[in-house]
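K.L.:
The following block contains the structure, expressed as structure tokens.
The values are calculated or read from the model by the stated rules, or taken from the named source; none is laboratory data. Here the structure is a predicted model, which is why all the values come from computation and not from measurement. Please note: Cβ atoms are built from the backbone with ideal geometry, for glycine as well, and neighbour counts cover all protein chains shown.
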Amino acid sequence: MEDLSLHILDVAENSLAAKATRVIIRLEEDTQAKTLRLVIEDNGQGMDKETLKRAVDPFFTTKQTRRVGLGLSLLAQAAHATGGQFSLESKPGWGTKVTATFKTDHWDLKPLGDISQTLLTLILGHPEVELIFIHRRDNQEAIFSTEKVKAELNGWLLNSPQAIPLIMDHINKAMNL
Amino acid sequence: MPKLTIEELEKLRERAKKATFLRETTDYRAKITVHMGTCGIAAGAREIMNAFLQELQARDITDVLLTNSGCAGLCSREPMATIEIKGQAPVKYVDLTPEKVKQIFEKHVLGGEIVQDYALGIGSEKTDY
């Protein structure tokens, strides 16, 4: 993965594959502590203890189509490469929470990439899912929510081309704190 | 209350028509599915999704569904997309680039003609979800 926005897309796609109806993505920058914390939580089917234990193993997957499961292990590696941390919480019926913390002053920190394109791709692919993006930098915070956008769409669907300028406008507002 | 002109009524009708866009899952003439597994994303699937979106927006097309799916197990041929014209068998395209997307969109989605040079085969596949 070239940048963090692609990791976010990948992990959120896991949430959607786990039948989540709500996905919350948090991006928290702490300029004093020089950290970037990424949290992706969902209300999907969750994992049992055994699956959770093996979830970061690249040679473990629950998928039927292939024998490797690189998504979480690549994100964990990207966090560890900066001296950061990675954690995973999950319970069947509760959902899953993925947390990756990066040291922003480390050489190996990947660029953030295009968060807007990641969010738009998730919305277009899964317009029925409630997506919330919370962007925090120190004491400032902005929230993007598909429910808020829907309220302004006057009947247009989230995945209609006509809705895209409004979605992008809301995302850009959340990105530019 | 001021009277509505024919033009205004026409605009309202058009708007109401568009508002029902893809409300029903069967209400489209073509479906484009971009494969968005870890392998697809690492190979550029998001860019491919965006390229299809640009084509839809540029032509103001509202009856083509753009969506995504998981990994289909052919990771080495990503980015991949499946085009399904209503009433026809789905066609899977592999090793995509934005330039190929443009050709596939014009010839297959709009013209109904399969771009054989980029197509892997005809038929559905099993994906992760």
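K.L.:
Looking at A:N176 and the list (1) over 17 Å from the mean Cα position of the chain (by Cα); (2) in contact (Cβ under 8 Å) with a residue 40 or more places away in the chain, which single condition is not satisfied?
P.N.:
(2)
K.L.:
Return the pairs, sorted by first residue and then second, in which the second residue is among the small types (G, A, S) and outside any strand (DSSP E or B), the first residue lies in segment B:32-47 and is within 10 Å of A:L9 (Cβ to Cβ) and facing chain A (nearest Cβ under 9 Å), the beta carbons are less than 7 Å apart, and the residues are 6+ apart or on different chains.
P.N.:
B:M36/A:G125; B:M36/B:A45; B:M36/B:G70; B:T38/A:G71
K.L.:
Restricting to segment B:63-97, give me the number of residues that are surrounded by fewer than 21 Cβ atoms within 10 Å (Cβ to Cβ), farther than 24 Å from A:A12 by Cα and in contact with a His (Cβ under 9 Å, 6 or more places away or on another chain).
P.N.:
Total satisfying the criteria: 1.
K.L.:
Tell me, yes or no, whether segment A:125-148 has at least one residue that is crowded, with 19+ Cβ neighbours inside 10 Å, within 14 Å of another protein chain (Cβ to nearest Cβ), in contact (Cβ under 8 Å) with a residue 24 or more places away in the chain and in a loop (DSSP other than H, G, I, E, B).
P.N.:
Within segment A:125-148, one or more residues are crowded, with 19+ Cβ neighbours inside 10 Å, within 14 Å of another protein chain (Cβ to nearest Cβ), in contact (Cβ under 8 Å) with a residue 24 or more places away in the chain and in a loop (DSSP other than H, G, I, E, B).
K.L.:
Among the residues of segment A:69-125, write down those that are closer than 14 Å to A:E41 by Cα and touching a strand residue (DSSP E or B) at 6+ places or on another chain (Cβ under 9 Å).
P.N.:
A:L72, A:F86, A:S87, A:L88, A:E89, A:S90, A:G95, A:T96, A:K97, A:V98, A:T99, A:A100
K.L.:
Now for a separate question. In segment B:51-68, how many are touching a residue at least 24 places away in the same chain (Cβ under 8 Å) and at the interface with chain A (Cβ under 8 Å from one of its Cβ atoms)?
P.N.:
5
K.L.:
Same structure, new question: From the list A:Q45, A:Q85, A:Q32, A:Q77, which one is under 17 Å from the mean Cα position of the chain (by Cα) and modelled with pLDDT of 95 or more?
P.N.:
Being under 17 Å from the mean Cα position of the chain (by Cα) and modelled with pLDDT of 95 or more holds for just one of A:Q45, A:Q85, A:Q32, A:Q77, which is A:Q85.
K.L.:
Considering only segment A:86-114, state which residues are polar (S, T, N, Q) and either touching a Phe, Trp or Tyr at 6+ places or on another chain (Cβ under 9 Å) or touching a residue at least 60 places away in the same chain (Cβ under 8 Å) (or both).
P.N.:
Selection gives A:T96, A:T99, A:T101, A:T104.
K.L.:
Would a scan of segment A:154-166 turn up a residue that is more than 14 Å from chain B (Cβ to nearest Cβ) and either exposed (fewer than 15 other Cβ atoms within 10 Å of the Cβ) or modelled with pLDDT of 95 or more (or both)?
P.N.:
No, because not a single residue in segment A:154-166 is more than 14 Å from chain B (Cβ to nearest Cβ) and either exposed (fewer than 15 other Cβ atoms within 10 Å of the Cβ) or modelled with pLDDT of 95 or more (or both).
K.L.:
Moving on. Select from segment A:1-29 the residues that are under 14 Å from A:A79 (Cβ atoms) and more than 14 Å from every other protein chain (Cβ to nearest Cβ) and write down the one among them that is nearest to the chain's Cα centre (by Cα).
P.N.:
Here the residue is A:L27.
K.L.:
State all residues of segment A:131-153 that are in contact with a Lys or Arg (Cβ under 8 Å, 6 or more places away or on another chain) and modelled with pLDDT under 95; if no residue qualifies, say none.
P.N.:
Within segment A:131-153, no residue meets the criteria.
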